[in-house]
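Here's the structure we're looking at; comments come further down.
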Amino acid sequence: MSDVMHVHGGAPLTGAITVRGAKNFVSKAMVASLLGEGPSELRNVPGIRDVEIVRDLLELHGVRVDRDDRAGVLRLDPTDVESAHVADIDAHAGSSRIPILFCGPLLHRLGEAFIPDLGGCRIGDRPINFHLDILRQFGAVVDKRENGIHITAPRRLQGTKIALPYPSVGATEQLLLTAVRAEGLTELAGAAIEPEIMDLINVLQKMGAIISVDTDRVIRIEGVDRLEGYRHTSLPDRIEAASWASAALATGGDIDVLGARQPEMTAFLNTFRKVGGGFEVHDDGIRFFHPGHELSSIVLETDVHPGFMTDWQQPLVVALTQATGLSIVHETVYENRFGFTDALRGMGATIQVYRECLGGHPCRFGQRNFYHSAVISGPTPLIAADIEVPDLRGGFSHLIAALAAKGTSRVAGIGLIDRGYENFTDKLAALGADFDRD
Ligand code: EPU
């Protein structure tokens, strides 16, 4: 399929679409299957590029993967796990950061793991220092080489006590995937507690792990000698759900997001309501709609759970260009997540980015060279433009802007959006969008 889409915008998106499992959970649950003695089965799996990448990486390591795309079921059999060549891992990982999470399970099974130089969306430096520190604390030896990092476990990994300097999602997952089979007790203070992490804990518990989560971000794990396979249905993708909600608001539309659930989206729903967006929670999903009157500007700060997710920020900013007055958005999770606003400015939006921590609490990025606060003045009509997709969420935001803008926009690099939005062109067609993707 072509990497370029021509979008004829200016009409509201209306109709119903379905979201399936969460990209940022499914990929980790797939890695967790490496820890089991027997096969696992994961349901509600979306057909996205990131799932294909993890499937390829698992297959490289000897895991048998059977997939029923239509039903969204993956069967993962880790009976014959083996080492893979670093060059192959590198070739298959693409721009994914997932290989880092293979380390704990592979160290337990094989005593060694390789990580190529990692990618991921270009939304900041995205270091892996927390991950390597965690692995070292369990007793792993980390050896940086020219083509990546070689990690070995000279003996069984040992439970340990760790405090994270920041509640990193990936580092918390690293710790969980490593501690469950380490010897003895592990305690993590300052853990991330995102719903996707809680669902990973559900999976690990089904496999035989002993994990408790306290209310003060402390997670305790009692290591066990053996884990079994699991059967599990993924929680829905709350980032995709919120992206469609913002698309409804920005285009003046009405989208019923089937599969979306309220509990994981409380912070988003509160903000959506403050902007003036309407929503209705029903048994099968959440319907999001433009109220038909002026939208209100807001002051917003992104944060770790239970705060407003950083991944919700970019699509919502597009809707904020249609709100009356000045909105202030302070991004505190990534230092560089406003790059996508350049294209919005080119489409007529009035957005200014600042180094200062505006409108919220001082964060790690204040008084440094990071443009991590944005002021959006609206409403401004958006006009069609030629745009290049910068990253997954920024790319979907550009698409929303093109759909809201009058005229025909050319959006290049659209393939990046396939990484995290299942069948998004079919869904756009179902919502009445007018576009061509050859
Ligand atoms: N950080 C470090 N050192 C580390 C790890 C993280 O300094 O070793 C910093 C990061 O630079 C960042 C902050 O900690 O400033 C938070 O990063 P985190 O580790 O929480 O993010 P992640 O695990 O790399 C996942 C999602 C992201 C999502 C974040 C926050 C996956 C595959 N990715 O990333 O999703 O934004 O958590 O919720 O789960 C996306 O889906 O588009 C996406 C980027």
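The values are calculated or read from the model by the stated rules, or taken from the named source; none is laboratory data. Computed from a prediction, not measured in an experiment: that's the story for all the values here. As a convention, Cβ positions derive from the backbone with ideal geometry for all residues, glycine included, and neighbour counts pool all protein chains shown. The accessibility values were calculated without ligands, DNA or RNA, using every heavy atom of the protein model including side chains. Shrake-Rupley method; radii C 1.70, N 1.55, O 1.52, S 1.80 Å.
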Could you check which residue among 20, 345, 55 shows the biggest mean-square fluctuation in a GNM of the chain with a 10 Å Cα cutoff? 345
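Any chance you could count the Lys pairs in the chain whose alpha carbons are under 21 Å apart, treating pairs 8 or more apart or on different chains as valid?
Values: 23/206; 23/427; 28/206; 406/427.
Taking the chain as the scope, the lysine pair count is 4.
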In vacuo Debye scattering of region 23-233, one point per C-alpha: log10 I(q)/I(0) at q = 0.10, 0.11, 0.14 Å⁻¹? -0.37, -0.46, -0.77
Out of 313, 322, 158, a Gaussian network model of the chain with alpha-carbon springs under 10 Å gives the largest mean-square fluctuation to 158
Over the chain, the sum of -39500 (n - 2.57) across DSSP H runs of at least four, divided by residue number and rounded to 500 deg cm²/dmol, gives at 222 nm -9000 deg cm²/dmol
On Cα atoms only, tilt of 23-32 relative to the major axis of the chain in degrees: 10 degrees
Calculated over region 193-245: convex hull of Cα atoms, volume per residue (Å³): 78 Å³
Average projected area [Cα convex hull, region 322-376], square nanometres: 3.7 nm²
Expressed as an acute angle from 0 to 90° and rounded to the nearest 10, what is the orientation of the C-alpha long axis of helix 238-251 relative to the principal long axis of the chain? 10 degrees
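With the full set of protein chains in place, find how many percent of the accessible area of region 23-233 is carbon and sulfur; take the probe as 1.4 Å.
On the way: 3830 of 8560 Å².
The computed percentage sits at 45.
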Considering only C-alpha atoms, what is the centroid distance from region 49-109 to region 357-410, in Å? 34 Å
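If one computes P(r) from the Cα atoms of the chain, what percent of pairs lie at distances over 43 Å? Please report the intermediate quantities before stating the final value.
Numbers: 11816 of 95703 pairs.
Pairs farther apart than 43 Å: 12 percent.
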Acute angle (nearest 10 degrees) that the helix 310-320 long axis makes with the longest principal axis of the chain, alpha-carbon atoms: 0 degrees
Using alpha-carbon positions, the gyration tensor of region 169-208 gives root eigenvalues a ≥ b ≥ c; with a/c under 1.5 called rounded, otherwise prolate if a/b exceeds b/c, else oblate, the class is oblate
Given the candidates 405, 76, 221, the one whose Cα lies deepest towards the positive end of the charge dipole of the chain, counting +1 at each Lys or Arg C-beta and -1 at each Asp or Glu C-beta, is 221
